[in-house]
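What follows is a set of notes on a single structure, which appears directly below.
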Amino acid sequence: MYAQINQRADNWEDAIRIACKPLIENGHVTTKFAELTIEREKKWPTGLPSLPVGVAIPHAETRDQIIKAEISAVVLNEPTTFKQAGNDEISVSVQLVFVLAFDDSTLQLNMIANLMECISKAENLNALLQAKTEEDFIQIYNSVRNPSTNLEHESSTRKEVKLCPVEQLR
């Protein structure tokens, strides 16, 4: 998992591009991934009116731009407006964005279910928003996640969160 804290986005498209940047830079997705994710968000918005802040979980429609499965989270310093999932006539003020890059639909659905469980509790969102560093964010996320999705935490030069079995991600 990549996490970026206290980021400034001019609009929802910018927020998606910011979240996609480490995925592109580290070879998890192609350079087209961010724009394809934006195109999908226009058709099927992912803004969720959770409390205390809205969350968005954008992802690309096609999986051919994904090289290696990964998640990238961004905490915005100020909310930006996304359209609500299921009703694009309603706007949602979003401060937390999780971009998913999974080439396996089952793994993606499991991760969405895990994120929904995590963000359904205000105390979890507050803890994520108060993270001071990227490492803190990932540690907090790992502590509040649903263990039934069997996420694994590895230490390296960056922290990673992977769905198990790991062989499916390679």
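The rows are residues; the columns are (1) among the aliphatic types (A, V, I, L, M); (2) at pLDDT 95 or above.
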{"site": "Glu41", "(1), (2)": "no, yes"}
{"site": "Ser50", "(1), (2)": "no, no"}
{"site": "Ala56", "(1), (2)": "yes, yes"}
{"site": "Glu61", "(1), (2)": "no, no"}
{"site": "Leu76", "(1), (2)": "yes, yes"}
{"site": "Lys83", "(1), (2)": "no, yes"}
{"site": "Ile90", "(1), (2)": "yes, yes"}
{"site": "Leu109", "(1), (2)": "yes, no"}
{"site": "Ala113", "(1), (2)": "yes, no"}
Reported set for segment 94-114 where residues are within 17 Å of Pro49 (Cα to Cα), surrounded by fewer than 22 Cβ atoms within 10 Å (Cβ to Cβ) and in contact with a Phe, Trp or Tyr (Cβ under 8 Å, 6 or more places away or on another chain) is none
Here the qualifying pairs (Cβ atoms under 7 Å; residues six or more apart or on different chains; first in segment 20-31 and within 11 Å of Ile71 (Cα to Cα); second basic (Lys, Arg)) come out as His28/Lys68
Per the filter on segment 54-83, residues farther than 25 Å from Thr133 by Cβ and hydroxyl-bearing (Ser, Thr, Tyr) are Thr62, Thr81
Is it the case, given these coordinates, that Ile5 is surrounded by 15 or more Cβ atoms within 10 Å (Cβ to Cβ) and out of contact with any helix residue (DSSP H, G or I) (no Cβ under 7 Å at 6 or more places or on another chain)? no
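The values are calculated or read from the model by the stated rules, or taken from the named source; none is laboratory data. It should be emphasised that the depicted structure is a prediction, and the values quoted were computed from it without experimental measurement. When we count neighbours, we look across all protein chains shown, and the Cβ atoms used for this are built from the backbone with ideal geometry, even at glycine.
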